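K.L.:
Let me give you the structure first, and then I'll get to my questions.
The values are calculated or read from the model by the stated rules, or taken from the named source; none is laboratory data. Quick caveat: nothing in here was measured; it's all calculated off a predicted structure. Ideal geometry is used to build each Cβ from the backbone, glycine not excepted, and the neighbour counts take in all protein chains shown. Note: areas computed on protein heavy atoms with side chains; ligands, DNA, RNA excluded. Shrake-Rupley method; radii C 1.70, N 1.55, O 1.52, S 1.80 Å.
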There are 2 protein chains.
Amino acid sequence: MKIYVQKYGGTSVGTPQRIKNVAERIIKKSGNGVGMVVVVSAMGDTTDKLLELAYEITPNPPDREIDMLLATGEQISISLLAMAIGALGHPVISLTGGQVGIITDDVHKKARILRVNSKRILEELNKGKIVIVAGFQGITENNEITTLGRGGSDTTAVALAAALNADLCEIYTDVDGVYTADPRIVPEAMKLDIISYDEMLEMASLGAKVLHPRSVELAKQYNVNLEVKSSFNENKGTIIKGETGMEGILRVSGITHDKNIAKVAILGVPDKPGIAYKVFSDLADNNINVDMIIQSIRHEKVNDISFTVGKDELDKTVSIMRKTVEEIGAKGIEYDKNVAKVSVVGAGINKSEVAKAMFQALADEEINIQMISTSEIKISCLIDLQMTERAVKAIHNKFILNGIEIRHQDAI
Amino acid sequence: MKIYVQKYGGTSVGTPQRIKNVAERIIKKSGNGVGMVVVVSAMGDTTDKLLELAYEITPNPPDREIDMLLATGEQISISLLAMAIGALGHPVISLTGGQVGIITDDVHKKARILRVNSKRILEELNKGKIVIVAGFQGITENNEITTLGRGGSDTTAVALAAALNADLCEIYTDVDGVYTADPRIVPEAMKLDIISYDEMLEMASLGAKVLHPRSVELAKQYNVNLEVKSSFNENKGTIIKGETGMEGILRVSGITHDKNIAKVAILGVPDKPGIAYKVFSDLADNNINVDMIIQSIRHEKVNDISFTVGKDELDKTVSIMRKTVEEIGAKGIEYDKNVAKVSVVGAGINKSEVAKAMFQALADEEINIQMISTSEIKISCLIDLQMTERAVKAIHNKFILNGIEIRHQDAI
């Protein structure tokens with residue numbers, strides 16, 4: 001039996017009518033010996049409404065009870081979708097995360113999947129049933145309900161696809177696929193037909209809207225064939241898979257941007273061994289993710305250390321760093337919320353060539369570069385927040401429209 | 001450790017503010033070595049709203065998926081109540097029907113509780129936690145979510161009280177207790193301090209508003225001390241327990257009425273053995289509950305058989321009986337929705353005396369009696385629907401106010 005895993009996001013099942021439409025799509029794909037496993041998110045804004053209720057009760061609801069509360073959102077949508085499919089005459093069954101056997105650790109609100117017991121799903125598939133699974137949730141060894149946190153439903157879908165050794169894992173959403181840039185900023189942006197796991201991971205800040213990096217990591221780990229497509233039309237989507245072309249060929253997949261970022265600078269840091277370690281271990285111990293890092297020499301024996309964090313973690317970061325500054329004898333701390341990160345992502349990027357072109361595009365627009373970071377497949381620049389759109393357009397123009405061959409035109 | 005089980009209905013937890021109030025009540029009762037187990041229903045009209053969603057999808061949602069859907073209602077209220085109690089500083093944990101180990105058969109939408117695994121509850125109580133349990137729901141041996149149907153949360157509370165050998169089971173609702181008649185019809189109606197299980201069962205049509213007969217049956221079977229009281233004030237409620245007084249003393253507990261009733265008459269039934277059996281086995285085979293039955297002789301060898309059924313089962317009953325009428329060679333069928341049943345309920349009733357007084361009260365009001373049925377502790381009369389209020393007032397006046405000693409004034 002071929003097995004297809006599909007995932008439908010909250011917008012796709014946002015109303016009873018949309019649920020009925022999704023039911024028809026699912027039935028169309030089933031049959032011909034295909035076993036269908038469908039993961040769904042909570043309807044529309046259900047999760048937000050449940051959280052509102054919780055915060056009316058207390059400003060600090062315990063994580064365990066939040067999971068108990070939020071897990072109902074997906075339980076509602078799976079039962080409704082199962083009713084819709086049943087009403088069209090196809091055998092179907094809905095299963096909660098616990099029933100399906102998605103076993104997680106006990107870190108509530110951001111549980112990690114430990115393993116998937118595929119026994120129950122396979123039993124139901126063998127009875128000819130379409131299996132509807134609640135995304136975003138699991139159960140611990142002790143029968144406690146957990147949720148997987150951000151991107152949870154995508155992660156559920158990929159984990160099931162991996163456990164069932166599925167032939168395809170389709171992520172249905174409200175956009176057609178992964179684009180070379182955010183189409184709201186760059187109307188000329190083009191949909192990618194195909195992209196590698198690593199490129200997709202780097203496209204995170206663009207791709208987060210369509211696919212959470214965590215699910216991409218899992219897909220890479222288990223080599224799951226992913227496809228992102230729209231649940232509102234029949235257009236071809238974007239396929240995410242392993243390495244897709246020959247090495248050494250320059251392929252720019254897309255231009256991404258991230259406005260949820262802030263810059264922090266520790267000023268006048270004594271140039272002694274162990275100081276950088278102290279700064280970043282203080283941050284790591286408090287679960288703060290640091291992105292770009294620059295250490296600049298101001299004058300002999302005194303450095304500045306700058307880094308970026310998520311905007312929502314800035315307050316926490318600053319309060320931790322004030323203590324660190326004292327302990328290491330630095331001069332002070334500065335921070336700036338008025339920044340954004342723009343990136344060029346692509347496999348096999350020839351860095352100097354790409355970097356040169358990127359910096360030139362920004363210079364042409366008179367955009368100042370505050371920090372730079374690079375990886376094997378991306379180059380990122382920190383710029384003024386107000387310049388974001390102009391920067392993305394300029395870089396997209398340089399690479400995608402006028403310059404370098406783009407990914408979806410490559411032969412595979 | 002003393003164990004108290006409390007149950008709060010949907011109105012009592014209808015808003016975040018009410019949930020906070022309930023949390024305070026619960027904490028007040030806890031402590032001093034008392035283990036608190038609290039059963040809650042879904043908030044306000046949650047269940048109705050979920051059903052509306054289902055019927056927007058399909059007019060005939062499968063029972064299994066309805067259970068999957070409805071079980072979320074109680075899961076929401078237990079998590080919110082646990083948050084509210086936690087916010088007041090008391091250790092607490094919420095548990096679904098499945099987590100708590102309420103094992104049922106697999107008859108969805110009206111599952112029966114097979115047993116309760118009290119292990120998890122006792123563990124949590126021993127950790128000093130208040131345990132909040134989702135009412136109305138259970139789980140089968142195969143890990144399927146079930147709901148218990150009407151009166152489900154009351155049944156959950158009584159079943160837990162029985163399994164935990166609790167010292168008391170308090171059912172909190174939006175009225176003060178069980179009254180001698182519906183206070184909306186008889187403003188002089190008095191609250192009963194105490195009533196026996198059997199009397200309470202007969203008071204069902206009155207008592208359904210405060211306590212479902214099914215939970216009373218279970219309480220009787222396991223000798224659970226039940227108390228019905230209001231969650232909105234501190235008034236004493238009504239205690240329901242085993243036999244409460246000496247035999248032979250006339251005690252009228254209350255006057256009840258039931259408007260959800262219809263009369264069906266099979267006309268011209270041949271007077272042959274096995275005919276009544278045929279009529280009522282046809283009804284039983286179709287799960288139709290028959291209440292009052294009268295067989296009257298019209299003339300030699302031809303009878304009329306009349307009975308009452310629930311108003312909502314009238315259509316089904318008539319369509320079944322049309323077939324039966326043909327098969328047994330009866331003349332025809334008549335039915336009437338315009339009827340109601342009024343009853344006098346009391347333990348140790350001296351029937352002829354009570355019946356005489358009841359019939360007199362109705363005669364004084366010129367109310368015609370269409371059918372009569374009696375049991376050890378009640379006498380019921382079928383009357384014209386429009387006469388219900390007048391009949392209840394007249395009978396209540398005769399028995400409770402002017403006549404016979406009432407229950408809550410008895411010595412126990």
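K.L.:
Among the candidates A:Glu353, A:Glu313, A:Glu366, single out the residue that is in contact (Cβ under 8 Å) with a residue 60 or more places away in the chain and either closer than 30 Å to A:Pro183 by Cα or within 31 Å of the chain's Cα centre (by Cα) (or both). Spell out the reasoning first.
P.N.:
Details: A:Glu313 fails: in contact (Cβ under 8 Å) with a residue 60 or more places away in the chain; A:Glu366 fails: in contact (Cβ under 8 Å) with a residue 60 or more places away in the chain.
Just a single option satisfies the conditions, and that option is A:Glu353.
K.L.:
Please go through the range A:14-40 and pick out each residue that is assigned to a helix (DSSP H, G or I) and either within 9 Å of chain B (Cβ to nearest Cβ) or of a type outside the set (A, V, I, L, M) (or both). Even if it seems obvious, please write down each step before you answer.
P.N.:
Looking only at the range A:14-40, we keep the residues that are assigned to a helix (DSSP H, G or I), and these are A:16-29.
Result: A:Pro16, A:Gln17, A:Arg18, A:Ile19, A:Lys20, A:Asn21, A:Ala23, A:Glu24, A:Arg25, A:Lys28, A:Lys29.
K.L.:
If a residue must be buried (at least 19 other Cβ atoms within 10 Å of the Cβ), among the charged types (D, E, K, R) and closer than 24 Å to B:Val100 by Cβ, how many such residues does the range A:96-154 contain?
P.N.:
Qualifying residue count for the region: 1.
K.L.:
Being on the phi > 0 side of the Ramachandran plot, in the same structural domain as B:Ile395 (by TED's automatic domain parsing), out of contact with any Phe, Trp or Tyr (no Cβ under 6 Å at 6 or more places or on another chain) and not hydrophobic (A, V, I, L, M, F, W, C) narrows it down to one of B:Asn303, B:Asn338, B:Asn287, so name that one.
P.N.:
Values: B:Asn303 fails: on the phi > 0 side of the Ramachandran plot; B:Asn338 fails: on the phi > 0 side of the Ramachandran plot.
Step by step, each of B:Asn303, B:Asn338, B:Asn287 is checked, and only B:Asn287 is on the phi > 0 side of the Ramachandran plot, in the same structural domain as B:Ile395 (by TED's automatic domain parsing), out of contact with any Phe, Trp or Tyr (no Cβ under 6 Å at 6 or more places or on another chain) and not hydrophobic (A, V, I, L, M, F, W, C).
K.L.:
Can you pull out the residues in the range A:62-71 that are out of contact with any strand residue (DSSP E or B) (no Cβ under 7 Å at 6 or more places or on another chain) and surrounded by 24 or more Cβ atoms within 10 Å (Cβ to Cβ)?
P.N.:
Correct list: A:Leu69 only.
K.L.:
For the range A:333-380, which positions are modelled with pLDDT of 85 or more and either assigned to a helix (DSSP H, G or I) or touching a Ser or Thr at 6+ places or on another chain (Cβ under 6 Å) (or both)?
P.N.:
Within the range A:333-380, A:Ala340, A:Lys341, A:Ser343, A:Val345, A:Met358, A:Phe359, A:Gln360, A:Ala361, A:Leu362, A:Ala363, A:Asp364, A:Ser380 meet the criteria.
K.L.:
Right, here's the next one. Is there a residue being under 20 Å from B:Lys109 (Cβ atoms), in contact with a helix residue (DSSP H, G or I) (Cβ under 9 Å, 6 or more places away or on another chain) and either surrounded by fewer than 21 Cβ atoms within 10 Å (Cβ to Cβ) or not hydrophobic (A, V, I, L, M, F, W, C) (or both) anywhere in the range B:191-212?
P.N.:
Scanning the range B:191-212, I find at least one residue that is under 20 Å from B:Lys109 (Cβ atoms), in contact with a helix residue (DSSP H, G or I) (Cβ under 9 Å, 6 or more places away or on another chain) and either surrounded by fewer than 21 Cβ atoms within 10 Å (Cβ to Cβ) or not hydrophobic (A, V, I, L, M, F, W, C) (or both), so the answer is yes.
K.L.:
Among the residues of the range B:46-59, count how many are farther than 27 Å from B:Leu114 by Cβ and at the interface with chain A (Cβ under 8 Å from one of its Cβ atoms). First the steps, then the outcome.
P.N.:
Within the range B:46-59, the first condition is being farther than 27 Å from B:Leu114 by Cβ, and the residues that meet it are B:48-49, B:52-53, B:55-59.
Remaining after also requiring at the interface with chain A (Cβ under 8 Å from one of its Cβ atoms): B:53, B:56-58.
Going through the range B:46-59 one residue at a time, the tally reaches 4.
K.L.:
For the list (1) loosely packed, with under 14 Cβ neighbours inside 10 Å; (2) in a helix (DSSP H, G or I), I need the number of the one condition that B:Leu314 fails.
P.N.:
(1)
K.L.:
Among the numbered conditions (1) part of a helix (DSSP H, G or I); (2) open to solvent by less than 10 Å² (accessible area, probe 1.4 Å), tell me where A:Gly86 comes up short.
P.N.:
So the condition that A:Gly86 fails would be (2).
K.L.:
Condition (residue is of a type in the set (A, V, I, L, M) and touching a residue at least 24 places away in the same chain (Cβ under 8 Å)) applied to the range A:45-62: is it met by at least one residue?
P.N.:
Narrowing the range A:45-62 to residues of a type in the set (A, V, I, L, M): A:50-51, A:53-54, A:57.
Now narrow it down to the ones that are touching a residue at least 24 places away in the same chain (Cβ under 8 Å): none.
No, the range A:45-62 contains no residue that is of a type in the set (A, V, I, L, M) and touching a residue at least 24 places away in the same chain (Cβ under 8 Å).
K.L.:
Shifting gears a bit: Would a scan of the range B:326-340 turn up a residue that is in contact with a Cys (Cβ under 9 Å, 6 or more places away or on another chain) and open to solvent by less than 60 Å² (accessible area, probe 1.4 Å)?
P.N.:
no
K.L.:
A:Ala161 passes all but one of (1) open to solvent by less than 10 Å² (accessible area, probe 1.4 Å); (2) within 22 Å of A:Ile76 (Cβ to Cβ); which number fails?
P.N.:
Only one criterion in (1) open to solvent by less than 10 Å² (accessible area, probe 1.4 Å); (2) within 22 Å of A:Ile76 (Cβ to Cβ) is unmet by A:Ala161, namely (2).
K.L.:
So which residues in the range A:258-291 are assigned to a loop (DSSP other than H, G, I, E, B) and surrounded by 16 or more Cβ atoms within 10 Å (Cβ to Cβ), if there are any at all?
P.N.:
A:Ile288 - this is the single residue of the range A:258-291 that is assigned to a loop (DSSP other than H, G, I, E, B) and surrounded by 16 or more Cβ atoms within 10 Å (Cβ to Cβ).
K.L.:
Now a separate question. Hey, among the residues in the range A:149-181 that are in contact with a helix residue (DSSP H, G or I) (Cβ under 6 Å, 6 or more places away or on another chain) and not hydrophobic (A, V, I, L, M, F, W, C), which one's farthest from A:Gly44 (Cα to Cα)?
P.N.:
A:Thr180
One line per residue, one yes/no per condition, for (1) more than 10 Å from every other protein chain (Cβ to nearest Cβ); (2) outside any helix (DSSP H, G or I); (3) touching a helix residue (DSSP H, G or I) at 6+ places or on another chain (Cβ under 6 Å):
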site	(1), (2), (3)
A:Ala42	yes, yes, yes
A:Pro61	no, yes, yes
A:Ile66	no, no, no
A:Gly73	no, no, yes
A:Ser77	no, no, no
A:Leu81	no, no, yes
A:His108	yes, yes, yes
A:Glu124	yes, no, no
A:Gly128	yes, yes, no
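K.L.:
Can you tell me how many residues within the range B:15-55 are at pLDDT below 95, under 28 Å from A:Ile19 (Cβ atoms) and of a type in the set (Gly, Ala, Ser)?
P.N.:
1
K.L.:
Next question, about the same structure. Restricting attention to the range B:90-106, and to residues there that are within 11 Å of another protein chain (Cβ to nearest Cβ) and either touching a residue at least 40 places away in the same chain (Cβ under 8 Å) or assigned to a loop (DSSP other than H, G, I, E, B) (or both), which single residue is farthest from B:Ala42 (Cα to Cα)?
P.N.:
Applying the filter and picking the extreme gives B:Pro91.
K.L.:
Also, I was wondering about something else. Can you find a residue that is in a loop (DSSP other than H, G, I, E, B) and touching a residue at least 24 places away in the same chain (Cβ under 8 Å) anywhere in the range B:299-306? Please lay out each step first, then the result.
P.N.:
The first filter runs over the range B:299-306 and keeps only residues in a loop (DSSP other than H, G, I, E, B), leaving B:300-301.
Then drop every residue that is not touching a residue at least 24 places away in the same chain (Cβ under 8 Å), which leaves B:300-301.
The answer is yes; a qualifying residue exists.
K.L.:
In addition: Only one of A:Lys220, A:Lys236 is part of a loop (DSSP other than H, G, I, E, B), open to solvent by 60 Å² or more (accessible area, probe 1.4 Å) and at pLDDT 85 or above; which? Before the answer, list the steps.
P.N.:
Values: A:Lys220 fails: part of a loop (DSSP other than H, G, I, E, B).
Selected residue: A:Lys236, the only one of A:Lys220, A:Lys236 that is part of a loop (DSSP other than H, G, I, E, B), open to solvent by 60 Å² or more (accessible area, probe 1.4 Å) and at pLDDT 85 or above.
K.L.:
Tell me the strands (runs of 3 or more DSSP E) entirely within the range B:136-191 that contain at least 2 residues that are away from chain A (no Cβ under 14 Å).
P.N.:
Here the list reads B:168-173.
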